[in-house]
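Only one structure is covered here, and it is reproduced in the block below.
The values are calculated or read from the model by the stated rules, or taken from the named source; none is laboratory data. None of these values were measured; they are calculated from a predicted model. Because the Cβ atoms are built from the backbone with ideal geometry, glycine has one as well, and the counts that use them run over all protein chains shown.
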């Protein structure tokens, strides 16, 4: 691994829960969960929702982490990520307003450190962004007699809505060694133990600087900082592409899970109807001239049939008349007598 190489990044999403992401950066393992609830807005910002970060350092991730109250490292981690998102206004908080001055959505991001392999800021930042991109909040509407009652619709009634995210602020961390002359990108846990200073720059894919923080150590030359920012801009673009590709794959799988398949009987009926339609379509369509010719032919055949019937009727009458005349000529007899006593 060279000084300016990033470790392997793996982004996974939960198949059932929306708004959860699991990121593995080398040996660093971070999980993020996003939740939201309705609350009252701040008085100075009645039309904006809120976005907050909470971190949890478990002793399972690192023996140096103590349970209970968050340590200074945990507070610093949450503030660095929160500053990059809040100061750059990456998340549209005005879209989280339901009723001005009374009800807004409060979005909360919980970051859980599962394994500390170094550079927790970058890994947690990627996990938070991936979770925010896949989160869906319930849709709300106003009702009641006065139209001021907030109605939260369940997912079965109305499709949940995603958050409006304008851009992705990516945190890139550099470690300085040997009086700030040696710079290492994405420091590991062992490199952090011996580094002389650290700087985290938050940029988006357009090379816009969202936030910069330098924690401890001696001063750094301006030329070194500018070099780090140029490298950070390229790394931010690469990481943004990876996050978007992972989210797009997740959304595609999510859409496929919601497709309802038709039963087999319906499919057979449809296929049968299609066959019948094709058979009917294969028959030639009669044209206007063909219909006129067929009508003339039918009328001619009817006239011929009527003439044949009249001729047969006349011939049968003539034959019957001739038979009667012949019988009359052949009949010879005398006066008839009737005796009632004859046996």
| request: Could you check, for segment 10-29, whether at least one of its residues is farther than 27 Å from residue 256 by Cβ, under 28 Å from the mean Cα position of the chain (by Cα) and in a strand (DSSP E or B)? | output: yes
| Hey, does segment 55-72 have a residue that's surrounded by fewer than 19 Cβ atoms within 10 Å (Cβ to Cβ), closer than 22 Å to residue 97 by Cα and free of Cβ contacts under 8 Å to residues at least 24 places away in the same chain? | no
| field | The one condition in (1) buried (at least 21 other Cβ atoms within 10 Å of the Cβ); (2) within 30 Å of the chain's Cα centre (by Cα); (3) assigned to a helix (DSSP H, G or I) that residue 83 fails to fulfil | value | (1)
| said: Can you tell me which condition residue 248 does not meet? The list is (1) more than 21 Å from residue 7 (Cβ to Cβ); (2) in contact with a strand residue (DSSP E or B) (Cβ under 6 Å, 6 or more places away or on another chain), and all the others hold. | reply: (2)
| query | Any chance segment 146-156 includes a residue that's in contact (Cβ under 8 Å) with a residue 12 or more places away in the chain, surrounded by 13 or more Cβ atoms within 10 Å (Cβ to Cβ) and closer than 30 Å to residue 119 by Cα? | reply | no
| message | Of the residues 92, 44, only one is more than 25 Å from the chain's Cα centre (by Cα) and more than 19 Å from residue 173 (Cα to Cα); which? | response | 44
| note | Within segment 215-240, restricting to residues that are in a helix (DSSP H, G or I) and free of Cβ contacts under 8 Å to residues at least 24 places away in the same chain, the one that is nearest to residue 10 (Cα to Cα) is 234
| note | Restricted to segment 1-41 and to residues being modelled with pLDDT under 90 and over 30 Å from residue 183 (Cβ atoms), the residue surrounded by the most Cβ atoms within 10 Å (Cβ to Cβ) is 19
| query | Within segment 90-101, can you find the residues that are in a loop (DSSP other than H, G, I, E, B) and modelled with pLDDT of 90 or more? | reply | 90, 92, 93
| task | Output yes when any residue across segment 102-110 is farther than 30 Å from residue 146 by Cβ, in contact (Cβ under 8 Å) with a residue 12 or more places away in the chain and surrounded by 21 or more Cβ atoms within 10 Å (Cβ to Cβ), and no when none is. | result | yes
| message | Tally up the residues in segment 40-54 that are without any contact (Cβ under 8 Å) to a residue 12 or more places away in the chain and not in a strand (DSSP E or B), please. | response | 2
